[in-house]
Structures are given as C-alpha cells and as structure tokens.
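Before any comments, here is the structure.
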Amino acid sequence: MTIDNFNFAGKKAIVRVDFNVPLDENGKITDDTRIRGALPTLKKVLADGGTLIIMSHMGKPKGKVNAKFSLSQIVDAVSAALGAPVQFAPDCAKAQEAAAALKAGEVLLLENLRFYPEEEGKPVGIDKADPAYDDAKKAMKASQKEFAKTLASYADCYVMDAFGTAHRKHASTAVIADYFDADNKMLGYLMEKEVNAVNNILKNINRPFTAIMGGSKVSTKIGIIENLMDKVDNLILCGGMTYTFAKALGGQIGQSICEDDKLQLALDIIEKAKAKGVNLVLGTDCVAADSFSNDANTQIVPANAIPEGWEGLDAGPETQKAFAAAIEPAKTILWNGPAGVFEFDNFTAGSRAIAEAIAKATANGAFSLIGGGDSVACINKFGMADQVSYISTGGGALLEAIEGKVLPGVAAICGE
Ligand code: AMP
C-alpha cells in the first residue's frame, strides 16, 4: 500500500515518526527539522478525516523512564507545527483507553518508546559474555513482540515514517508491521522521499559523482567509504578523521584527533582509491589550534606538520580550494560529516567552503544529498538548506542505505 492511495477517513493511524530532536538545557527544541519532515504524512491523515497516534523515541534512555528524554517537552511544538491540539499519553504501553477515546481529527502523542527496553529489544543489565545472555535475548524478543502488538492494538493502520531509525529492527519501526495486513501498512511521505533520494545516489548517477565524508572518526564511516569507492569519481575525506590518514602517511599531527588502531586501514583506503581510479582528496593544510576551544590561538600549517601542542580543527585555505575544485563540476554529490569543529564559529570555514561549492554545483544542475545530523546542522547554521537538492533526516540509516543494505523499516513494509 502507498500512502497516496490510502484513505484514512474514519481510521486510526499509528505513525512512527522520528521526533528525536535536539533540546537545549531548558528542554527547548534547537532544530525542528525532524518535526517538519514528518508533517506531510501527519497532515494527510488528518486531512483525510483520520485519527493520529504518533509515536517516537528521543535520546538514549536505555529502557528506563527519564524525564530528560520525555516527549512531553515537545507536545506544544508538535501541536504548533501541526496546527491541531495534541493530547499526550504518559505511558506508551498503557495508552489503550486514550487511543480508544480518540475521535476523527484528534491527535495523541505517545511517551518515549525507549522508556521500555522492549522497543529496542536488547536485554538490559546482562553482559553479552554471560552464559545466560542467549536466553535473556530470547525472552526479550518475545516481550518485544508483545510490546509491538500492544502498540498495534491502538490503531487500524500503521505508517512507518521514521527514516532516522529505519535501520533498526525495533518494535515500532519493524516488528509492529507484522500485526497489520499489507493493505493497512505503508511508508510515509518522508520515508518515500528518503528512499528515492538514496536511489538517486545509488542508481541514477549523473557523473562526475563527488562524495564528501567528514566527521571525527574513520572507523564509523568505513563501510560507506568502501562502498562509495565503487561508485564515485571523487572522494573527499575531511574533518577529524583525516589526521589518522596524515599520521599513517608519516606526518606529524600534534594533538589532533587520531585513531591509532586505524592507521593501516587508512593506508588501505588510499591504496584502494588508487586501484579503482578514484580521485581521493585529502587536506593539505589545516587550521591548527592550541586548545580545543573557539577562542584558541590558531595558525595555518601543513596537515602533516602540525606542531606539538597544537591540533587541527578545520581545513586550511588551500584544502578548501581543492574541495571546491572536486565539488563544483560534479553532477551528483553526497555530503556526510563536517570538515572541522563547526560547532565553534571560528572553525566553520572548511565546512562552509564545502556547502558553498555544493550550492554552486546544485545551481548548475547537480543532485546534492546532505545527510547525517552534523552536516545538516552545518547547512542549517549557514542558512543554505534551500540551496541543496535534498537534506536527509537520517544519519546511520542514510549511511546504511547508501552502503546498499535493505533497511529493516523498509523491509517490514515492502519486503526484502
Ligand atoms: P561524526 O560524529 O563522526 O560524524 O563527527 C562529527 C563531529 O566531528 C562534529 O561534532 C565535529 O565537531 C567533529 N570534528 C570534525 N573535525 C574535527 C577535528 N578536526 N577535530 C575534532 N573533532 C572534529
């Protein structure tokens, strides 16, 4: 079933969204991209004359109730975004009565699903090495099914629209789908858009294809880097991860972030790029700082000659030019991960150079996909969100999709 073909009139729809929005210390939302992302689906249910039961996780409460991660903090924001009053169910697994009482056009938001360990389905308080672990896991899988069944019992149909968690086989993202027949479960508009955007990158590639991978660690991005190597013409590696490469190549990196156990991996990536004819772009200069702070003293130094006591926190001007040269002529662009510690205003130049080059290429007809929380935060910080083709709401989910994996949240609805 597709959401466009479904008529929600008189139906209760339980919709899994990703409202895992960042909050400040006062519980105020600092970036509402994810709430806005879910609106087309939520509004379609209401416009058809349906009833909305919204469910999400927030943060990592690890199976325990924790006020810091309560979705009660976002009720007003969801209500304002939706233009409708939103009721709140303070216990997601005990919302039968509240759900049953809902009338057409009404909206109920369930409390954080991850206050229950059943949502993630991982046994808590037991080590993987413990001989009793396998039994605990089996028991947890059984109670995960019960939990999913309870959630399913609130509604007539299920919509999966949480791309951010679609790579997880959780109760609300996948298991719940077993309790609805094929005509009463579907992907939401956001999921459809995300899946199409990934297909643009994986299947309908216009060349040249430039991928920009940044962030702090190479270890968390290795799967996607290896997968992209078969597809891209240019691969820019930037951000903290590049100091592992600089060190592996014999450079001096001072106090820069580095994964010492990944030096060989870095060399392997360089070799692989050569063998596959991929133009690998690594920074040649960087902005080095004498402390990890916005107000640190800085100097521009070669990326392989960072003085002791200094650390590379951003790409240097020569590197920024090399990035732009690989991005501007591209016709397909993927960006995941910043080129520096962009959270500090004084170390945003590298990421800004990337964003500007992407905007230029996009204006010239490229398809550009930005994904991963940090790159999205970057593009929003620069006020350039409307100058790229598509901003993904997914971090890990996007990376796994681009690695070519079928996401459990998609498989649960569409099959493997
Ligand atoms: P990741 O979570 O691996 O995608 O990395 C994102 C984080 O990497 C951001 O919080 C950046 O501040 C951080 N980052 C980027 N460049 C550097 C750097 N040169 N040194 C330390 N952290 C960095």
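Being of a type in the set (D, E, K, R), in contact with a Cys (Cβ under 6 Å, 6 or more places away or on another chain) and either buried (at least 17 other Cβ atoms within 10 Å of the Cβ) or within 23 Å of Val21 (Cβ to Cβ) (or both): is that true of Glu118 here?
Against the criterion (of a type in the set (D, E, K, R), in contact with a Cys (Cβ under 6 Å, 6 or more places away or on another chain) and either buried (at least 17 other Cβ atoms within 10 Å of the Cβ) or within 23 Å of Val21 (Cβ to Cβ) (or both)), Glu118 does not qualify.
I'd like to know if segment 198-211 contains one or more residues that are within 15 Å of the ligand (Cβ to nearest atom) and either in the same structural domain as Asp290 (by TED's automatic domain parsing) or under 23 Å from Ala296 (Cα atoms) (or both).
Yes.
Looking at (1) surrounded by 17 or more Cβ atoms within 10 Å (Cβ to Cβ); (2) more than 16 Å from the ligand (Cβ to nearest atom); (3) charged (D, E, K, R), which is the only condition Asp314 fails?
Condition not satisfied by Asp314: (2).
Give me the pairs, please: first residue somewhere in segment 295-313 and free of Cβ contacts under 8 Å to residues at least 60 places away in the same chain, second residue anywhere and among the charged types (D, E, K, R) and more than 12 Å from the ligand (Cβ to nearest atom), beta-carbon distance under 6 Å, and either six or more positions apart or on two chains.
Sorted first by the residue in segment 295-313, then by its partner, the pairs are Ala296/Asp290; Asn297/Asp290; Ile300/Asp285; Pro302/Asp285; Trp310/Asp290.
Taking Lys145 as the residue in question, decide whether it is without any contact (Cβ under 8 Å) to a residue 40 or more places away in the chain, surrounded by fewer than 22 Cβ atoms within 10 Å (Cβ to Cβ) and over 30 Å from Gly277 (Cβ atoms).
yes
Could you check segment 287-315 and list, in sequence order, the residues that are under 27 Å from the mean Cα position of the chain (by Cα) and either of a type outside the set (Ser, Thr, Tyr) or outside the structural domain of Leu237 (by TED's automatic domain parsing) (or both)?
Across segment 287-315, the qualifying residues are Phe292, Asn294, Gly312, Leu313, Asp314, Ala315.
Among the residues of segment 194-208, which ones are touching a residue at least 12 places away in the same chain (Cβ under 8 Å) and out of contact with any strand residue (DSSP E or B) (no Cβ under 9 Å at 6 or more places or on another chain)?
Leu202
Table: residues versus (1) under 30 Å from Ser368 (Cβ atoms); (2) without any contact (Cβ under 8 Å) to a residue 12 or more places away in the chain.
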residue: Val124; (1), (2): no, no
residue: Pro131; (1), (2): no, yes
residue: Ala139; (1), (2): no, no
residue: Ala162; (1), (2): yes, no
residue: His167; (1), (2): yes, no
residue: Ile176; (1), (2): no, no
residue: Glu192; (1), (2): yes, no
residue: Thr210; (1), (2): yes, no
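From the residues in segment 372-398 that are in contact with a strand residue (DSSP E or B) (Cβ under 7 Å, 6 or more places away or on another chain) and more than 19 Å from Gly188 (Cα to Cα), which one is surrounded by the fewest Cβ atoms within 10 Å (Cβ to Cβ)?
Ala385
Name the residues in segment 1-29 that are surrounded by fewer than 16 Cβ atoms within 10 Å (Cβ to Cβ) and either part of a strand (DSSP E or B) or not hydrophobic (A, V, I, L, M, F, W, C) (or both), would you?
Residues satisfying the conditions are Thr2, Asp4, Asn5, Asn7, Gly10, Pro22, Asp24, Glu25, Asn26, Gly27, Lys28.
Which pairs turn up if I take residues in segment 213-226 that are at positive phi and more than 9 Å from the ligand (Cβ to nearest atom) and look for partners that are of a type in the set (S, T, N, Q) and not in a loop (DSSP other than H, G, I, E, B) with beta carbon separation below 7 Å, at least 6 apart in sequence or on another chain?
As it stands, the answer is none, since no pair meets every condition given.
Can you tell me how many residues within segment 357-416 are among the hydroxyl-bearing types (Ser, Thr, Tyr), part of a helix (DSSP H, G or I) and at pLDDT 90 or above?
Number of matching residues: 1.
Of the residues that make up segment 333-346, is at least one crowded, with 24+ Cβ neighbours inside 10 Å, in contact (Cβ under 8 Å) with a residue 60 or more places away in the chain and away from the ligand (no atom under 13 Å from the Cβ)?
Within segment 333-346, one or more residues are crowded, with 24+ Cβ neighbours inside 10 Å, in contact (Cβ under 8 Å) with a residue 60 or more places away in the chain and away from the ligand (no atom under 13 Å from the Cβ).
Going by what's in this entry, would Val281 be described as more than 23 Å from the chain's Cα centre (by Cα), in a strand (DSSP E or B), within 12 Å of the ligand (Cβ to nearest atom) and not small (Gly, Ala, Ser)?
no
Has segment 168-178 got at least one residue that is within 16 Å of the ligand (Cβ to nearest atom), not in a helix (DSSP H, G or I) and not aromatic (Phe, Trp, Tyr)?
No - not one qualifying residue is present in segment 168-178.
Report the residue count in segment 212-269 for those that are in a loop (DSSP other than H, G, I, E, B), of a type in the set (D, E, K, R), surrounded by 18 or more Cβ atoms within 10 Å (Cβ to Cβ) and over 19 Å from the mean Cα position of the chain (by Cα).
3
So Asp183 clears everything in (1) outside any helix (DSSP H, G or I); (2) touching a residue at least 40 places away in the same chain (Cβ under 8 Å); (3) over 20 Å from Gly394 (Cβ atoms); (4) not hydroxyl-bearing (Ser, Thr, Tyr) except one condition, right? Which one?
Unmet condition: (1).
When both residues are 6+ apart or on different chains and their Cβ atoms are under 8 Å apart, which pairs have a first residue that lies in segment 371-387 and is over 13 Å from Gly37 (Cβ atoms) and more than 15 Å from the ligand (Cβ to nearest atom), and a second that is of a type in the set (Val, Ile, Thr) and assigned to a helix (DSSP H, G or I)?
Close Cβ pairs satisfying both conditions: Gln387/Ile358; Gln387/Thr362.
The values are calculated or read from the model by the stated rules, or taken from the named source; none is laboratory data. All of these numbers come straight from a predicted model, not from anything done at the bench. No Cβ is skipped: glycine too gets one built from the backbone with ideal geometry, and neighbour counts run over all protein chains shown.
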